[in-house]
1. Please enumerate the residues belonging to the range 314-367 that are under 30 Å from HIS567 (Cα atoms), open to solvent by less than 30 Å² (accessible area, probe 1.4 Å) and at pLDDT 85 or above.
2. Name the single residue, out of those in the range 560-578 being open to solvent by 40 Å² or more (accessible area, probe 1.4 Å) and without any contact (Cβ under 8 Å) to a residue 60 or more places away in the chain, that is farthest from the chain's Cα centre (by Cα).
3. State which residue is surrounded by the fewest Cβ atoms within 10 Å (Cβ to Cβ) when the search covers only the range 548-559 and only residues that are under 40 Å from the mean Cα position of the chain (by Cα) and of a type in the set (A, V, I, L, M).
4. Just to verify a result, which residue in the range 18-50, among those that are among the aromatic types (Phe, Trp, Tyr) and surrounded by fewer than 18 Cβ atoms within 10 Å (Cβ to Cβ), is modelled with the lowest pLDDT?
5. Output the number of residues of the range 248-301 satisfying the condition of being open to solvent by 80 Å² or more (accessible area, probe 1.4 Å), under 28 Å from THR187 (Cα atoms) and at pLDDT 80 or above.
6. Which residues, counting only those in the range 509-518, are touching a Ser or Thr at 6+ places or on another chain (Cβ under 8 Å) and either within 22 Å of LEU557 (Cβ to Cβ) or of a type in the set (D, E, K, R) (or both)?
7. All but one of (1) in contact (Cβ under 8 Å) with a residue 40 or more places away in the chain; (2) in a helix (DSSP H, G or I); (3) under 34 Å from the mean Cα position of the chain (by Cα) hold for ASP454; which doesn't?
Amino acid sequence: MSELVASLNGVNKLGNQAPLQRLWHYGANHRGQTIFAIVMSITKKILDIVPEILIGVAIDVIVSSEDSFVADVTGITDRWQQLLILAVLNFVVWVGESLAQFALNVSWRTLAQDIQHEARLDAYANVQNLDLAYFDDASTGELLSILNDDVNQLERFLDEGANKMIQMGINVLGVGLLFLIVSPLITLVAFLPIPFLLFGSFSYQKRLVKLYDTVRARVGNLSTTLQNNLSGITTIKAFNTEDTERKRVEEISQTYRDANAAAIKLSSAFVPLIRVAILIGFSATLLLGGWMAINGDIRVGSYSLLVFMTQRMLWPLTDLGSMFDTYQRAMSSVRRILDLVDTEPQIQEGLQALPVNGQGSISFENLSFGYSANHPVLKNVSFQVPAGETHAIVGTTGSGKSTLVKLLLNLYSPTAGEISIDGVPVRDVSNESLRAACGLVSQDVFLFDGSVRDNISYGLANPTGEEVTTAAKLCEAHEFISKLPNGYDTVVGERGQKLSGGQRQRISIARAILRDPKILILDEATSSVDNETEAAISRSLDVVAKDRTTVVIAHRLSTIRNADRIHVLESGSISESGTHEELLEIDGLYRALWMVQTGERSA
């Protein structure tokens with residue numbers, strides 16, 4: 001509730017705005033819909049109060065007859081006619097309330113669906129635009145928790161919680177106004193517990209904020225663990241660690257359970273406090289109002305009305321605890337969702353497009369990079385890849401080979417130096433233009449859970465069947481695809497688990513060349529396959545690399561011996577460059593690696 005008050009007063013709690021303000025501005029496109037829903041909530045609650053007012057008026061008719069409130073207003077003294085008027089009015093009110101209830105249900109639920117849909121899409125779209133550096137620190141489980149659980153929490157708040165908050169506020173204000181009209185003295189006594197109740201609620205909320213932030217963090221850790229274990233189920237089974245992992249999940253789930261238990265225990269303490277306030281307020285109205293009615297200070301009907309309204313005003317406050325609970329959970333989720341939506345990429349892409357007539361020449365000029373400031377990976381790297389040539393980059397593990405590829409694709413930004421394609425600096429090129437010109441085949445092949453055809457054509461809109469087949473034939477994949485149960489329509493399973501490593505790799509090569517990129521990038525494309533598959537992939541690469549600028553990151557030197565030029569990375573710097581034959585003549589790292597791989601020298 002303290003967050004709510006701060007939000008309404010414009011207090012800055014997180015970033016530039018408190019969560020409720022941020023949500024209000026985020027849903028600016030739905031202002032009309034939101035205002036209509038609020039108006040319907042207010043209308044429904046006002047109409048909900050009216051029948052009890054009519055009960056008090058009806059009692060006044062029976063007791064006061066021709067001196068009743070209705071007689072004073074209408075001039076009708078017959079009690080039966082007065083009651084008929086009240087009955088018709090009551091019918092109109094009930095119909096109006098029913099219509100308002102229908103309208104508020106539709107409007108709030110539609111708003112909830114719209115906002116949760118847009119929030120999930122906006123958050124996901126922004127995640128896709130973030131740099132790889134962001135994912136170095138962010139966990140997949142945490143992101144899934146935000147995109148699923150937090151968005152659903154926001155939906156529940158908009159679906160029910162917001163309407164309840166508004167109706168409770170209108171209930172207190174409306175009933176308070178009636179009390180004030182009938183008797184300011186009874187109003188003072190009946191409302192006396194409420195300030196203490198709200199003060200206690202604010203105090204609770206300050207403690208609940210931290211508790212629910214902890215709950216959200218714990219559920220993120222749990223999601224991460226479950227996601228990792230499901231991805232690594234083969235390893236878990238292979239090492240007989242099912243019991244170990246079950247216990248680990250149990251421990252993490254228990255921490256989430258404990259965090260929730262602490263929040264539940266604190267929020268549950270609201271109800272006893274509120275029941276005491278109800279008892280005090282109801283007793284005060286019953287006794288003081290009765291005394292005033294006996295002495296003729298107020299009408300009997302007015303006394304009946306106040307007794308009814310005391311219950312009407314105070315009893316809904318028993319839901320204050322669960323309402324605050326829902327609100328605080330939702331605001332914690334809003335913070336996480338909108339923080340993710342507002343996260344900006346560190347790398348700002350350029351606006352230029354690569355030259356249409358460019359051939360794909362690449363220039364690395366004095367390039368330096370480190371994933372952290374104190375640990376440089378690349379140091380002053382410079383070399384050129386002329387258009388149409390195949391250049392290989394080799395070196396020991398950790399020398400920075402794959403990092404060069406990530407910098408070329410603008411997945412990371414160099415700390416110094418520059419990469420240019422066809423004379424245009426990569427930092428000035430839009431990611432769409434840059435990556436459309438590049439085809440990547442990675443060591444870590446990722447296939448989507450779809451058909452073979454879907455995975456080959458991924459990234460290219462509506463290719464023809466002939467184009468897909470041609471790409472597969474160039475990669476020597478057509479033969480094994482044709483033997484699959486449903487050919488090109490065979491579903492490959494999650495991450496392509498129904499195919500062998502070599503089959504997955506050849507499909508990934510077909511996917512890259514189907515786009516006919518100017519630059520083909522092969523990052524350890526044959527490191528995880530058998531010798532026969534390696535030979536098949538190497539033959540296909542010789543075909544697809546023809547007349548195309550190709551950059552090959554290689555561990556197996558036999559696959560790049562025919563490259564136009566080979567660059568040797570050693571401790572982040574180019575130590576040797578030349579053809580295969582030229583490098584063998586130098587007593588350097590390349591020659592040593594070659595001799596180890598060919599068995600001429602032991603490792």
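The values are calculated or read from the model by the stated rules, or taken from the named source; none is laboratory data. Because the structure is predicted, anything quoted here is derived from the model rather than measured. Quick reminder, even Gly has a Cβ in these numbers, built from the backbone with ideal geometry, and neighbours come from all protein chains shown. Areas reflect the complete protein model, heavy atoms only, side chains present, ligands, DNA and RNA absent. Shrake-Rupley method; radii C 1.70, N 1.55, O 1.52, S 1.80 Å.
1. LEU354, GLY360, ILE362, SER363, PHE364, LEU367
2. Among those residues, the one meeting the criterion is ARG561.
3. Of all residues in the range 548-559, those under 40 Å from the mean Cα position of the chain (by Cα) come to 548-555.
Now drop any that are not of a type in the set (A, V, I, L, M), which leaves 551-554.
On the way: VAL551: 25, VAL552: 24, ILE553: 24, ALA554: 22.
Among those that are under 40 Å from the mean Cα position of the chain (by Cα) and of a type in the set (A, V, I, L, M), it is ALA554.
4. Selected residue: TRP24.
5. Summing the residues that are open to solvent by 80 Å² or more (accessible area, probe 1.4 Å), under 28 Å from THR187 (Cα atoms) and at pLDDT 80 or above in the range 248-301 gives 4.
6. At the first step, the residues of the range 509-518 found to be touching a Ser or Thr at 6+ places or on another chain (Cβ under 8 Å) are 509, 511, 514, 518.
ILE509, ARG511, LYS518 - these are the residues of the range 509-518 that are touching a Ser or Thr at 6+ places or on another chain (Cβ under 8 Å) and either within 22 Å of LEU557 (Cβ to Cβ) or of a type in the set (D, E, K, R) (or both).
7. The one condition ASP454 does not meet is (1).
Residues checked against (1) at pLDDT 80 or above; (2) among the basic types (Lys, Arg):
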residue: LYS13; (1), (2): no, yes
residue: ASN16; (1), (2): no, no
residue: ILE59; (1), (2): no, no
residue: VAL92; (1), (2): yes, no
residue: HIS117; (1), (2): yes, no
